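S.K.: If you scroll down you'll find the structure; I have some questions about it.
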Amino acid sequence: MALINETTKKWIYLITYNAVSFLLWTYLTLRTVRVLVLGPDTDEYDDAAAGSLYRQLPFPLLAFTQTLAFLEVAHAALGLVGASAATTALQIGGKNLVVWTVMARFPELFLGADNEGGLLGLGGGGGPTGFLGCVLAWGCSEMIRYAFFVGQLLRGEPFGWIKWLRYNAFLVLYPVGLVSEAWLVYLALVQGAAAGVGPVYRGYLFLGLLTYLPGK
């Protein structure tokens, strides 16, 4: 029985990784749209935060899916793909910093009493609105990106309409994601000051907020 060669193993691994990532982001995005259109499944929970998108996704799945992307740094470092490991780390790391040092660290921004006003938190603290912007911007961009790679691996080139979206959808998705991320970092900075979070952590958040300012 012939052994699978290294090139085939690499192809199987990469197409599996990209397909799984595509399915995870598709689920999160469609779940978000479903909650927005049909309303939250509040019967599943017995607390006041049941209607929040943060709870409905649920957030741990979002965190897992975003963290999974760190494998792409290893892909680049090991030469499995042609991307730069440093550039990939910056791109993946930025989103994960928002996930783990803002979303996970300050769940009250999305679940607290200050965010009353429905699923979007309109009229409240605004945290749920920023969270929604991040999920939709990340979800749509990642679905397009992973579909691009799957098509490229299966056919040798991506599907034409996916390629068009890959290089044009960012005109809308990038600013939505950028503003939403910056807004959540700002809210976390304010919340951290009110909650007595140490100066080092608040300094880190402030430096993170500065990275969202446009450069020259």
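S.K.: Would you kindly state how much longer the chain becomes between Leu71 and Trp164 on full extension, computed as 0.36 nm times their sequence separation minus their alpha carbon distance, in nm to one decimal?
M.R.: 30.9 nm
S.K.: Another question about this same structure. Under 10 Å, Cα contacts only: if you run a Gaussian network model on the chain, which one of Val197, Val135, Val20 comes out with the highest mean-square fluctuation?
M.R.: Its mean-square fluctuation being the largest, the pick is Val197.
S.K.: Taking the alpha carbon gyration tensor of the chain, what are the square roots of 5 times its eigenvalues, largest first, to the nearest whole Å?
M.R.: Gyration-tensor ellipsoid for the chain: 33, 21, 16 Å.
S.K.: I would also like to ask the following. Along the Cα→Cβ direction, 7 angstrom out, place labels at Ala83 and Ile15. What is the inter-label distance in nm?
M.R.: Here the answer is 2.0 nm between the modelled labels.
S.K.: Okay, moving on. Counting alpha carbon pairs within less than 8 Å and at least 6 residues apart, what relative contact order, in whole percent, applies to the chain?
M.R.: The normalised contact order for the chain reaches 20 percent.
S.K.: If the chain between Arg105 and Thr8 were fully stretched, how many nm would it gain, using 0.36 nm times the residue separation less the Cα-Cα distance?
M.R.: 30.8 nm
S.K.: Separation between the Thr26 and Val190 pseudo-spin-labels, each 7 Å from Cα along Cα→Cβ, expressed in nm?
M.R.: Those two pseudo-labels are separated by 3.8 nm.
S.K.: Right, another one. Using a Gaussian network model of the chain with C-alpha springs under 10 Å, which one of Trp183, Trp25, Trp11 is most mobile by mean-square fluctuation?
M.R.: Highest fluctuation of the listed residues: Trp11.
S.K.: How large is the accessible surface per residue of the chain, computed with a 1.4 Å probe and reported in Å² as a whole number?
M.R.: It amounts to 55 Å² per residue over the chain.
S.K.: Let me ask something additional. So, with a 1.4 angstrom probe, what is the percent of accessible area on the chain that is carbon and sulfur?
M.R.: About 69 percent, which is the carbon plus sulfur part of the accessible surface.
The values are calculated or read from the model by the stated rules, or taken from the named source; none is laboratory data. From a predicted model like this one, the values you see are computed outputs, not experimental measurements. Reconstructed Cβ throughout: ideal geometry from the backbone, glycine too, with neighbour counts over all protein chains shown. Keep in mind that these areas ignore ligands, DNA and RNA; they rest on the heavy atoms of the full protein, side chains included. Shrake-Rupley method; radii C 1.70, N 1.55, O 1.52, S 1.80 Å.
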